[in-house]
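S.K.: Handing you a structure now.
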Amino acid sequence: MGYRLLDTDKTYLVTGAAGFIGFYLSRKLLEKDCRVIGIDNMNDYYDVDLKYARLGELELFDKFTFARGDISDKFLVMKVFKEYKPRIVVNLAAQAGVRYSMENPDIYIRNNIMGFFNILEGCRHNPVDHLVYASSSSVYGSGKKVPFEESDFVDSPLSLYAASKRSNELMAYAYSHLYGIPSTGLRFFTVYGPMGRPDMVYFRFADEYFAGEPVRIFNNGGFEYDLYRDFTYIDDTVEGILRLLNNPPGSEEYSRIFNIGSGRPEKLMVFVDNLERALSSALGKKVVFRKIFEPMKPEDVPVTYASTDMLQKAVGFKPSTTIEEGLQKFADWYVKYNKIV
Ligand code: NAD
Ligand code: UGA
């Protein structure tokens with residue numbers, strides 16, 4: 001096998017546990033009978049009811065403990081580390097979203113920089129076996145060489161969000177080097193699925209369609225140039241994380257970075273066509289979005305495309321869900337959750 005399976009005797013701390021990825025990861029760990037401590041500040045960046053719905057599912061498990069709080073609060077973070085002594089820490093709490101960082105830069109510094117600093121401090125003063133943290137495909141900026149490999153140059157972020165994630169990678173490297181904290185950064189690629197994030201394109205377009213509003217497409221509909229995203233289904237993302245949790249880097253390297261992406265980039269317009277088809281099938285009637293075409297945003301990267309080699313070599317896993325399968329699961333969940341049919 002070559003890699004260590006999940007250790008169910010350890011205590012896992014998951015920040016952002018009521019968030020999209022944090023929820024699925026926590027649920028998987030709990031299903032495998034691990035003890036999970038979840039932190040989330042339940043902020044209203046998007047529909048809080050969805051966060052409570054996710055949390056409600058986690059609270060069905062005896063081995064789940066929820067600490068409501070903010071990772072930018074150092075006192076709270078230290079208290080949680082001291083009290084629960086997690087051996088594996090997964091930092092997913094952050095202000096996500098690329099375009100939101102244009103209007104709301106401050107929150108990215110607080111949550112993503114100060115918050116992550118506190119997590120590093122927690123790991124420094126309460127030794128852990130592995131710190132795993134979310135980075136982002138956005139760190140590749142407008143990189144032209146594809147697929148994106150972990151060793152590529154990544155010091156030209158196009159947004160403050162991307163800069164905050166690249167900063168996390170550098171901060172983790174320094175703390176790993178200084179204090180021997182084994183750390184792994186994960187560059188996720190546009191993750192989607194049921195119970196996902198309402199600010200992301202697939203969920204936003206579904207909401208806009210059912211509200212009778214047009215959708216806004218930011219690459220002029222591909223008439224001038226194509227915009228590609230390496231859309232990655234949530235189950236694939238979580239499987240990649242799970243396999244890495246008990247496989248920290250050795251003392252010779254301490255800090256590592258992996259892409260977790262599907263490795264099959266798709267044109268935005270093809271993804272949108274597939275979403276219309278998936279919603280049509282879920283509803284049993286044809287769905288066609290009213291589309292408004294707008295120019296590309298300066299903070300958006302033109303292409304994302306993950307090399308999956310490093311992940312596959314380390315833990316023998318490569319995402320395999322197609323956008324047809326993944327979007328159908330999203331659409332089926334969406335109409336049920338919103339009681340549309
Ligand atoms: P999400 O917004 O659904 O989850 C983040 C959770 O963290 C939310 O529930 C939020 O309430 C919580 N949170 C935010 N700031 C906090 C703070 N200061 N203290 C405590 N809780 C806080 O986002 P997600 O899609 O699940 O993303 C998880 C992580 O992965 C984030 O770091 C994000 O930047 C990163 N990421 C996500 C994607 C994606 O496509 N979903 C891609 C690349 C990277
Ligand atoms: C997503 C997440 O939102 C980020 O948190 C994450 O860090 C990033 O993936 C990543 O891979 O690292 P993004 O790829 O911008 O960012 O995902 P969406 O917000 O779903 O947008 C996807 C594409 O749709 C973008 O090109 C965007 O410009 C476009 N879009 C989005 C529209 O055309 N219209 C909209 O209304 C929204």
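S.K.: Which of the residues spanning region 257-299 are among the charged types (D, E, K, R) and open to solvent by 40 Å² or more (accessible area, probe 1.4 Å)? Working first, answer last.
M.R.: If we filter region 257-299 for residues that are among the charged types (D, E, K, R), which is where we start, we get 264, 266-267, 273, 276-277, 285-286, 290-291, 294, 297, 299.
Scanning region 257-299 gives Arg264, Glu266, Lys267, Asp273, Arg277, Lys285, Lys286, Arg290, Lys291, Lys297.
S.K.: How do the strands (runs of 3 or more DSSP E) wholly within region 48-155 filter down when requiring 1 or more residues that are in contact (Cβ under 8 Å) with a residue 60 or more places away in the chain, open to solvent by less than 10 Å² (accessible area, probe 1.4 Å) and of a type in the set (S, T, N, Q): which remain? So that I can check it myself, show each step before the final result.
M.R.: On the way: elements: 64-68, 88-91, 130-136.
In region 48-155, 88-91, 130-136 are the strands (runs of 3 or more DSSP E) which contain 1 or more residues that are in contact (Cβ under 8 Å) with a residue 60 or more places away in the chain, open to solvent by less than 10 Å² (accessible area, probe 1.4 Å) and of a type in the set (S, T, N, Q).
S.K.: Only one of (1) in contact with a helix residue (DSSP H, G or I) (Cβ under 6 Å, 6 or more places away or on another chain); (2) among the acidic types (Asp, Glu); (3) open to solvent by less than 40 Å² (accessible area, probe 1.4 Å) is not met by Asp332, so which one is it?
M.R.: Here Asp332 meets the rest and fails (3).
S.K.: Considering each residue of region 80-123, count those that are of a type outside the set (A, V, I, L, M, F, W, C), within 11 Å of ligand 1 (Cβ to nearest atom) and in contact with a strand residue (DSSP E or B) (Cβ under 7 Å, 6 or more places away or on another chain), and give that number. Show your work before the answer.
M.R.: We begin by selecting, within region 80-123, every residue of a type outside the set (A, V, I, L, M, F, W, C); these are 82-87, 91, 95, 97, 99-101, 103-106, 108, 110-112, 115, 118, 121-122.
Among the residues that remain, those that are also within 11 Å of ligand 1 (Cβ to nearest atom) are: 91, 95, 97, 100-101, 108, 110-112, 115, 118.
Checking the rest, the ones that are also in contact with a strand residue (DSSP E or B) (Cβ under 7 Å, 6 or more places away or on another chain) come to 91.
Matching residues across region 80-123 total 1.
S.K.: Quick one: how many residues across region 186-204 are in a loop (DSSP other than H, G, I, E, B), under 12 Å from Thr232 (Cβ atoms) and more than 7 Å from ligand 2 (Cβ to nearest atom)?
M.R.: Qualifying residue count for the region: 2.
S.K.: Pick from region 18-38 the residues that are out of contact with any Lys or Arg (no Cβ under 8 Å at 6 or more places or on another chain) and not in a helix (DSSP H, G or I): which of them is nearest to ligand 2 (Cβ to nearest atom)?
M.R.: In this case the residue turns out to be Gly38.
S.K.: Would you confirm, using the coordinates I've provided, whether Leu29 is surrounded by 17 or more Cβ atoms within 10 Å (Cβ to Cβ) and more than 8 Å from ligand 1 (Cβ to nearest atom)? First the steps, then the outcome.
M.R.: Values: surrounded by 17 or more Cβ atoms within 10 Å (Cβ to Cβ): yes; more than 8 Å from ligand 1 (Cβ to nearest atom): yes.
Spelling it out, Leu29 is indeed surrounded by 17 or more Cβ atoms within 10 Å (Cβ to Cβ) and more than 8 Å from ligand 1 (Cβ to nearest atom).
S.K.: Is it true that Arg229 is of a type in the set (Lys, Arg) and within 14 Å of ligand 1 (Cβ to nearest atom)? Steps first, please.
M.R.: On the way: of a type in the set (Lys, Arg): yes; within 14 Å of ligand 1 (Cβ to nearest atom): yes.
Yes.
The values are calculated or read from the model by the stated rules, or taken from the named source; none is laboratory data. This structure is a prediction, so every number in the text was calculated from the model and none was measured. Positions of Cβ are generated from backbone atoms using ideal geometry, with glycine treated the same way; all protein chains shown enter the neighbour counts. When the accessible area is computed, the model is the full protein with side chains, heavy atoms only, and any ligands, DNA or RNA have been set aside. Shrake-Rupley method; radii C 1.70, N 1.55, O 1.52, S 1.80 Å.
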